[in-house]
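For reference, the structure discussed in these notes is given below.
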Amino acid sequence: MRKIGGLLVLLALFNVQGLADTKKPLLMEGKNALYQRVLAIPEARVHDQPGDQQGIEVTPFSAFYVYERNHQQGDEWLLVGTDRHGGLSGWLAAKDSIPWNQGLTVVFKNPAGHDRVLMLRDKETLKALAKQGGGEEYQQLYAQAVEGKLPADSPVVAIQPAGHIDIRKDFYLVPILDFEDTWLDTEQARMLKIASVPLEKRKSPVVAASGDGLQKEYTAGLVFVIDASLSMDEYIQRTREAVMKIYDQLGDAGQLGKVNFGLVAFRDNANAAPGLDYTARTYVNLEQGRDPGVFLEKVDQLAAAKISSQDFREDAYAGLQQAIEGMSWQGHDARYVVLITDAGAREGDDPLSTTGLGTAALRRLAQDNGIAVFVLHLKTPSEMADHEAAEAQYRALSDFPGIGSLYYGVPTGNVEEFGAVLDSLAGQISAQVAQGVEVQPEPTKPDESDEEKNTRLSELQSKVEKLGYALRMQYLQQTQGQPPRVFNAWMLDRDFRQPQRQTVDVRVLLTRDQLSDLHDILRQVLRTAEEGLLSPQNFINELKSLAATISRNPEELGRTTATTAGEGNSLVDMGFIGDYIEGLPYTGEVMSLSLEDWQNWPAGQQIEFLRRLEEKITYYRALHDNTDLWISLDKGSISGDSVFPLSLDMLP
């Protein structure tokens with residue numbers, strides 16, 4: 001059966017032309033400017049008339065406006081269109097749709113370290129459980145759900161899968177249909193009414209057991225991003241030695257090819273100091289790094305720079321971005337980057353930054369790609385060095401959800417200690433890959449004797465062990481990784497037993513074209529403000545209008561800011577901003593920003609706010625260009641209609 005996209009108008013295929021001239025979509029209840037919208041679930045079809053048996057299958061999760069509701073023999077049917085201007089598509093059975101009155105969806109966090117999310121039949125039961133916290137009743141329900149022994153009258157309808165769900169491989173939506181605030185112990189929490197819909201029914205297992213183990217071997221990619229500025233030769237040589245040691249160990253164990261190594265070198269902005277030769281360069285990609293001989297040959301070509309940079313900072317983020325986006329990570333179950341440097345990185349607002357990406361955006365980009373970033377910070381003696389600021393920067397960069405910061409500072413840049421840490425890190429990762437097919441016990445606290453030798457190294461080893469365990473469990477549980485298909489269930493966004501921990505990430509579903517529009521509009525708003533054409537109040541109004549439009553209906557981007565739609569056309573100017581913001585379960589920082597707040601901020605805080613917006617613009621471009629991250633809902637090639645769930649904290 002032929003499929004059609006949610007953005008295509010089906011008017012020519014259906015006899016509904018006469019309706020298109022006068023129809024307007026139905027308004028949401030209590031709203032004056034927001035129309036009812038729905039998403040078509042997988043295998044949904046649009047029909048010529050309500051109750052027809054034949055129909056044309058639509059692309060899963062296509063968004064439609066609702067123009068009319070009709071009941072036929074007890075079933076509700078929706079007259080839908082792809083726009084709000086009368087572009088009608090046909091009739092869609094209500095049971096084949098999900099209400100989509102705001103664009104927010106949630107993504108389940110990896111359950112390692114906290115309880116899996118319970119989905120309950122009704123709000124009142126969830127509210128009662130929240131009042132009790134992680135008490136006896138909750139523990140009983142949770143145990144029954146985990147064991148798969150829920151009685152028929154249980155209030156629990158489903159539980160989050162045991163394995164981590166990689167949304168890039170098993171795309172799913174959990175739209176928020178309704179919400180109510182509550183308290184869980186001393187933490188404010190939200191009860192969410194959700195629908196959980198996977199894109200596809202579970203196919204044959206990704207990883208299947210056989211008599212000789214698993215059919216697909218567990219593999220890892222480990223890329224070193226090394227500072228190749230002046231005086232780094234001894235660290236480059238020591239990194240080379242560490243990798244060769246691991247190759248020997250893997251070869252002796254018959255494991256070559258299970259861990260592939262790559263290497264990217266960086267210096268500073270080569271345009272500012274031409275003698276540096278390059279800003280970032282890939283010496284070994286992951287495919288070449290399968291072969292020890294090729295790795296050795298390529299790395300022998302790497303040497304430290306012969307001239308100094310402009311100051312003690314380097315463009316480390318250029319090297320990291322190249323490692324994240326320039327490497328072919330597909331086929332690697334565990335993905336690691338190890339940054340080795342003795343200098344702080346240029347942030348996105350630094351005039352000499354070639355990426356425009358700051359710490360937060362680069363960390364998000366790494367996590368979007370499933371990459372854990374380690375930092376080995378060489379605190380070499382220098383009058384120009386600002387190791388304290390660099391440490392704070394790199395601790396934030398290397399923070400991994402549920403694990404903590406994967407940072408290690410090497411006092412005085414001691415080569416011997418650096419080598420010991422590097423050997424330990426690379427060896428530990430390689431050993432984990434070798435045992436990836438075996439179920440290992442959950443990591444425990446290191447022996448005290450190990451702690452006495454080097455407490456900081458012991459702490460890093462403990463984090464590497466926890467990270468490796470989480471990644472191996474994710475790999476082993478891929479067959480359990482599909483979310484349940486449920487409708488109208490209630491869940492809590494925090495862990496009952498650890499209320500300080502959120503169990504979901506909030507996302508906004510955007511198409512690639514919509515992200516491109518967001519990038520262009522936000523850049524235009526900032527440019528207009530910088531040229532003095534926007535007052536502070538209008539600037540805030542523009543940002544609020546933009547953020548509210550993305551959260552409610554990204555298809556309206558470009559029509560709801562005065563900068564792009566003409567004077568007086570922002571949501572605030574038209575009096576619609578309340579319609580858009582009220583009723584959203586989650587909002588970004590700009591939604592609550594007032595002119596008084598802005599004027600009370602010191603100049604430094606205002607500059608930091610603007611810097612974050614500039615950084616987000618750069619992140620949007622990097623995300624747009626990284627085609628590996630986008631999901632094609634119709635299984636075709638990546639296009640402007642491909643989607644990505646953008647994290648709420650990356651909105652304007």
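The values are calculated or read from the model by the stated rules, or taken from the named source; none is laboratory data. The structure presented is a predicted model; accordingly, all values stated were derived computationally and were not measured. Neighbour counts are summed over all protein chains in view; Cβ atoms, including those assigned to glycine, are modelled from backbone coordinates with ideal geometry. Only protein heavy atoms, including side chains, enter the accessible area calculation; ligands, DNA and RNA are left aside. Shrake-Rupley method; radii C 1.70, N 1.55, O 1.52, S 1.80 Å.
Taking (1) in contact with a Ser or Thr (Cβ under 9 Å, 6 or more places away or on another chain); (2) part of a loop (DSSP other than H, G, I, E, B); (3) among the hydrophobic types (A, V, I, L, M, F, W, C) in turn, L302 satisfies each apart from (1).
Within region 169-186, not a single residue is within 17 Å of S62 (Cα to Cα), polar (S, T, N, Q), assigned to a loop (DSSP other than H, G, I, E, B) and open to solvent by 30 Å² or more (accessible area, probe 1.4 Å).
Is there a residue being over 30 Å from P499 (Cα atoms), among the basic types (K, R) and in contact (Cβ under 8 Å) with a residue 12 or more places away in the chain anywhere in region 83-93? There is at least one residue in region 83-93 that is over 30 Å from P499 (Cα atoms), among the basic types (K, R) and in contact (Cβ under 8 Å) with a residue 12 or more places away in the chain. When residues in region 462-503 are screened for being of a type in the set (A, V, I, L, M, F, W, C), under 23 Å from K169 (Cβ atoms) and modelled with pLDDT of 90 or more, 1 of them pass. Is region 447-459 home to any residue that is more than 27 Å from R290 (Cβ to Cβ), buried (at least 17 other Cβ atoms within 10 Å of the Cβ), under 22 Å from the mean Cα position of the chain (by Cα) and modelled with pLDDT of 90 or more? Among the residues of region 447-459, not one is more than 27 Å from R290 (Cβ to Cβ), buried (at least 17 other Cβ atoms within 10 Å of the Cβ), under 22 Å from the mean Cα position of the chain (by Cα) and modelled with pLDDT of 90 or more, which makes the answer no. Selection of first residues in region 280-306 that are open to solvent by 40 Å² or more (accessible area, probe 1.4 Å) and of second residues that are part of a helix (DSSP H, G or I) and modelled with pLDDT of 95 or more, restricted to Cβ pairs under 7 Å at least 6 apart or on distinct chains, gives the following pairs, ordered by first then second residue: T282/Q322. For region 506-548, residues that are buried (at least 18 other Cβ atoms within 10 Å of the Cβ) and either farther than 30 Å from L199 by Cβ or in contact with a Lys or Arg (Cβ under 8 Å, 6 or more places away or on another chain) (or both) total 15.
For (1) at pLDDT 90 or above; (2) closer than 23 Å to L509 by Cα; (3) touching a Phe, Trp or Tyr at 6+ places or on another chain (Cβ under 6 Å), each residue gets a yes or a no:
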position	(1), (2), (3)
P42	no, yes, no
Q54	no, no, no
P60	no, yes, no
N70	yes, no, yes
D75	yes, no, no
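The selection criterion, being in contact with a helix residue (DSSP H, G or I) (Cβ under 9 Å, 6 or more places away or on another chain), free of Cβ contacts under 8 Å to residues at least 60 places away in the same chain and among the aliphatic types (A, V, I, L, M), does not hold for L129.
Given the options G275, G293, name the one that is part of a helix (DSSP H, G or I) and closer than 21 Å to S229 by Cα.
From the options G275, G293, the qualifying one is G275.
Within region 366-382, is even one residue in contact with a helix residue (DSSP H, G or I) (Cβ under 7 Å, 6 or more places away or on another chain), part of a helix (DSSP H, G or I) and without any contact (Cβ under 8 Å) to a residue 60 or more places away in the chain? Taking every residue of region 366-382 in turn, at least one turns out to be in contact with a helix residue (DSSP H, G or I) (Cβ under 7 Å, 6 or more places away or on another chain), part of a helix (DSSP H, G or I) and without any contact (Cβ under 8 Å) to a residue 60 or more places away in the chain. Has region 591-601 got any residue that is without any contact (Cβ under 8 Å) to a residue 60 or more places away in the chain, under 14 Å from L34 (Cα atoms) and among the aliphatic types (A, V, I, L, M)? No.
Conditions (1) open to solvent by 40 Å² or more (accessible area, probe 1.4 Å); (2) over 22 Å from T549 (Cβ atoms); (3) not basic (K, R), marked per residue:
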{"site": "L584", "(1), (2), (3)": "no, no, yes"}
{"site": "E589", "(1), (2), (3)": "yes, no, yes"}
{"site": "N600", "(1), (2), (3)": "yes, yes, yes"}
{"site": "I607", "(1), (2), (3)": "yes, yes, yes"}
{"site": "D641", "(1), (2), (3)": "yes, no, yes"}
{"site": "P645", "(1), (2), (3)": "no, no, yes"}
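Being part of a helix (DSSP H, G or I), open to solvent by 60 Å² or more (accessible area, probe 1.4 Å), modelled with pLDDT of 85 or more and in contact with a Leu (Cβ under 8 Å, 6 or more places away or on another chain), is that true of even one residue in region 131-141? Scanning region 131-141 turns up at least one residue that is part of a helix (DSSP H, G or I), open to solvent by 60 Å² or more (accessible area, probe 1.4 Å), modelled with pLDDT of 85 or more and in contact with a Leu (Cβ under 8 Å, 6 or more places away or on another chain). Applying the criterion of being at pLDDT 90 or above and open to solvent by 50 Å² or more (accessible area, probe 1.4 Å) to the residues of region 15-34, the residue that is farthest from A94 (Cα to Cα) is L27.
Residues that are in contact with a helix residue (DSSP H, G or I) (Cβ under 8 Å, 6 or more places away or on another chain), open to solvent by 10 Å² or more (accessible area, probe 1.4 Å) and not in a strand (DSSP E or B) within region 76-86 comprise just one, D83.
Out of region 224-247, which residues are part of a helix (DSSP H, G or I) and aliphatic (A, V, I, L, M)? Across region 224-247, the qualifying residues are I236, A242, V243, M244, I246. Looking only at residues of region 328-383 that are farther than 26 Å from G402 by Cβ and of a type in the set (A, V, I, L, M), we find that the one that is surrounded by the fewest Cβ atoms within 10 Å (Cβ to Cβ) is L352.
Being basic (K, R) and in contact with an Asp or Glu (Cβ under 7 Å, 6 or more places away or on another chain) holds for only one residue in R552, R611, R621, and it is R611. Of the helices (runs of 4 or more DSSP H) lying entirely inside region 538-652, those containing at least 1 residues that are under 22 Å from the mean Cα position of the chain (by Cα) span 603-625. Considering only residues in region 609-639 that are more than 20 Å from S328 (Cα to Cα) and free of Cβ contacts under 8 Å to residues at least 60 places away in the same chain, the one that is surrounded by the most Cβ atoms within 10 Å (Cβ to Cβ) turns out to be F609. What do you reckon, is L250 buried (at least 16 other Cβ atoms within 10 Å of the Cβ), assigned to a strand (DSSP E or B) and aliphatic (A, V, I, L, M)? No, not satisfied.
Yes or no: region 410-425 includes at least one residue that is closer than 27 Å to G326 by Cα and open to solvent by 10 Å² or more (accessible area, probe 1.4 Å). The answer is yes; a qualifying residue exists. When we screen V107, V157, V146 for residues that are open to solvent by 20 Å² or more (accessible area, probe 1.4 Å) and within 30 Å of R552 (Cα to Cα), the only hit is V157.
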